[in-house]
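Bear in mind these aren't lab numbers, they're just calculated from the coordinates by the rules spelled out. Remember, it's a predicted structure, so these values are computed and weren't measured experimentally. Glycine gets a Cβ as well: all are built from the backbone with ideal geometry, and neighbour counts include every protein chain shown.
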Ligand code: FAD
C-alpha cells in the first residue's frame, strides 16, 4: 500500500508572531482553506521560504460546505493537482468514506472521480502534511492589511505589494510575493432568515475591512459581489432511511492519487448515501417564508449549479427535486442533505425538511445559512494569477469568483508555483488550456471573467478527449518536476508509467491480425465485414467488447507484462483517433499562446480594421497572448487577424 501515513494531530502548533524566526519571507499566503493550503505547500516545494497565515489553525483544510471531493470536471482538477504533487488527491484517498466514478455511462474522458469525505480526517491529513513540509511556517493570525510600495511614477497605475500587517501586531512581515486566498471572507456577511451578521463562515469573522479597502481603493481593483449557501445539518438517527433509496458506492474504490494503489477506507467499510425527493409541502414552506428570507431577496448571483432549495422551487415550480442524504464522517452523527441549501428562519427550515417523507421526524443540528462576499474580477489577473497592475500580489480561490474546493485548490497550487517563481527570480509560468483543466480554468477566469460563481465542467475543455483524468500524470508531472514543484519520487513513478505505456503501445502496434484470424482467435469481437486488411492490437482495442485482459490472454507472451495498465491502455486505444485529429488544432492554439501581446499596447491607436467594441474589450482585459485574445467574448475572427498582423509587425 502506497498511502502516505498521516501524523494524527488535532491542531497545528500555532506559532506566535514573537516566535517567528524571521520577519521576511519569499512568499506569504493569507488563508488556510483549499486554495491557501495548496498555494503554501507548492511555494515551499518550489524552494521558497513560505509563511501561511490564517485566522484559526485548527480550521486549516476545513470543508465549509459539502463533505465531498471531485465529481464531473472537478475530479479532473483533483487528479491534475495530484499530478503536480498537490495535497487534495491524497487527502481525499485518506479521508474518503464513499467512492464512486460519476458519468460512467459516458466515455472515460468525462468520468468524474468523486468521494464522500470524513471531515475530520480530511482536516487532519492536510494539517499533518503542512507540518511535514520544510521551508513552510504556519502562523495563526488575522491579516489586517497589505504593505504597498508607492507606485512607480514611470509606470502610472502600477503598485508593488511588499508584505502584510497583522491585527494587533506592530511589526509587519515582508515578502516578495503575497497570495490572498481569503475565500468567502472578504466583506463577508452571513444570512439566516431576517438576520444578517458580519462573517466569512459560521463561527468565523470576516476579513478585515482594511484589506477590502486596500484592494478597492488603493490598488483600484474592480470588485463584485457573489453569494452561496449551505444546508442545515441533520441528526442521523432522526432520519427514516426506510423511506429513502439506498445508493451504494462503487464496489472497488478508485483512488484520486496517482501515488496510491488503494484508499484508506476498504471497500466493505464504505458508508452509503441515500436519495430522497422534495414534495409539494416543501414548495409551500418556501413560498410562505419568502418575506422572512433576506438572502433570497437580494439580487446578488449565487451558484447556478448547486442552487438553494428556494431558488430551485422558484425557478421550477411544481417539480420534485432530488435530495441526497450524505454521511459527514465515519463516526459523525450528522447527515448533509445535498440539495437543501436554505436561508429561511430556522423554525421554517425545520418545517421544510419535515415535509420530506424520509425526514418527517428529522432534527436539525445546525441551521442552513447564506454568505455574501466580495470577489475580485479575475480579468485583472495574468495567467500566473498575479494582479496585472500590482507586482507581487497573487489571488487564488473563491476570491477570484469561483466556487468549490477543487477550483480553489487548482488555482492555489498554480498561484503558489508562480509566487515562488517571482520570489526566486525565475520567469512566470502558465498552463495552456490544451494541456490541462487547470489551464482551462485559469484561462476562462482571466480572459472571460465571471458573472456568477464559476465551477468546472468537462464541457469547458475543448480538448477533453486528450485531457482525461487517467492521464493527468503524463500531461503534468514532468512539467511540474522541471519547475520544481514535484518530488523526485513522484517523477520517477510517472516516468516508469510513461515508459511502460509506451512499450505496451508499441507492442500493441506491432501485433497485427488479419480479419480471419481475428474471427478465429477473438470470436466475441465483431470485426466489421468490410475490413479485409490486418488490424493492429491498438485498433482491435478500440472495439467496445474487447478488453486488454482478453487480448493479453490470447497473446500472453507479448502483452501479459502490461496487465497492470489494462484500463489505461484500453482508454488510450479508444481515444487515439480523436487525439490524432486534435493534434493540429492544439498546435495552432499553442502557437498563438506563444505570441505575447505587450501589456502597454494602446488599443485605440491600432489600425482602423479593429472595431471600437473590440478595442474597448481588449483595453479592459489586456490579454497577455494572442491565444487569450481569441477567446474573449466579442472578439471576432477579423479582430484576431488585425491583432495577429500587429504582433507579427511588432516582433
Ligand atoms: P476558504 O476555504 O473559504 O478559505 C479561506 C481561508 O482564509 C479561511 O481559512 C479563513 O480563515 C482565511 N482568512 C480569510 N481572511 C483572512 C485574513 N484576513 N487573515 C488570515 N486568514 C484569513 N462551494 C461549492 O462548491 N458548493 C457550495 O454549495 C458551497 N457552499 C458554500 C456555503 C458556505 C456557507 C460557504 C462558506 C462556502 C461554500 N462553498 C461552496 C464554497 C467552498 O467552501 C469554497 O469554494 C472553498 O472553500 C474555497 O476555498 P478557498 O481556499 O478559496 O477559501
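Grouping the Cα pair distances of the stretch 537-651 into 10 Å bins from zero gives a pair-distance distribution of 12, 32, 13, 12, 15, 12, 3 percent in increasing distance order. Can you give me the C-alpha center-to-center distance between the stretch 77-116 and the stretch 517-591, rounded to a whole angstrom? With the stretch 77-116 and the stretch 517-591 each reduced to a Cα centre, they are spaced 25 Å. When only alpha carbons of the stretch 99-202 are considered, Rg and Dmax amount to 20.8, 59 Å.
Rounded, prolate or oblate: pick one for the stretch 219-275, where a ≥ b ≥ c are the square roots of the eigenvalues of its C-alpha gyration tensor, a/c under 1.5 means rounded, and failing that, prolate if a/b is larger than b/c, else oblate. Because a/c hits 1.5 or more and a/b fails to exceed b/c, the stretch 219-275 counts as oblate. Per residue, the chain reaches -10000 deg cm²/dmol at 222 nm when only DSSP H runs of four or more residues are counted, each adding -39500 (n - 2.57).
Taking the average, over residues, of other Cβ atoms within 10 Å as the packing measure, peptides 578-586, 438-446 rank 438-446, 578-586 from highest down.
Averaging the Cα positions of each part gives two centres, and for the stretch 224-251 and the stretch 300-336 these lie 8 Å apart.
How much length is gained if the chain between residue 319 and residue 451 is pulled fully straight, taking 0.36 nm per residue apart and subtracting their Cα-Cα distance, in nm to one decimal? Net length gain for the segment: 44.8 nm. Size descriptor for the stretch 394-459, Kirkwood hydrodynamic radius: 12.2 Å (Cα pairs only, one decimal). Compactness of the stretch 200-243 was expressed as the Cα radius of gyration divided by 2.2 N^0.38 Å, which yields 2.06.
Listed from fewest to most Cβ neighbours within 10 Å, the set 495, 348 follows the order 495, 348. Remark: the residue 218-residue 616 segment gains 140.9 nm on full extension, using 0.36 nm per residue and subtracting the alpha carbon distance. Put in line by how crowded their Cβ is, counting other Cβ atoms within 10 Å and starting with the fewest, 85, 299, 619 read 299, 619, 85. Global dimensions of the stretch 273-369 from alpha-carbon coordinates: Rg and Dmax equal 13.0, 39 Å.
Using the alpha carbons of the stretch 16-107, what is the convex hull volume per residue in cubic angstrom, as a whole number? Each step should come with its number before you reach the end.
On the way: hull volume 10.7 nm³, N = 92.
Each residue corresponds to 116 Å³ of Cα convex hull volume.
For the chain, the average shadow cast by the Cα convex hull is 32.1 nm², which is a quarter of the hull's surface.
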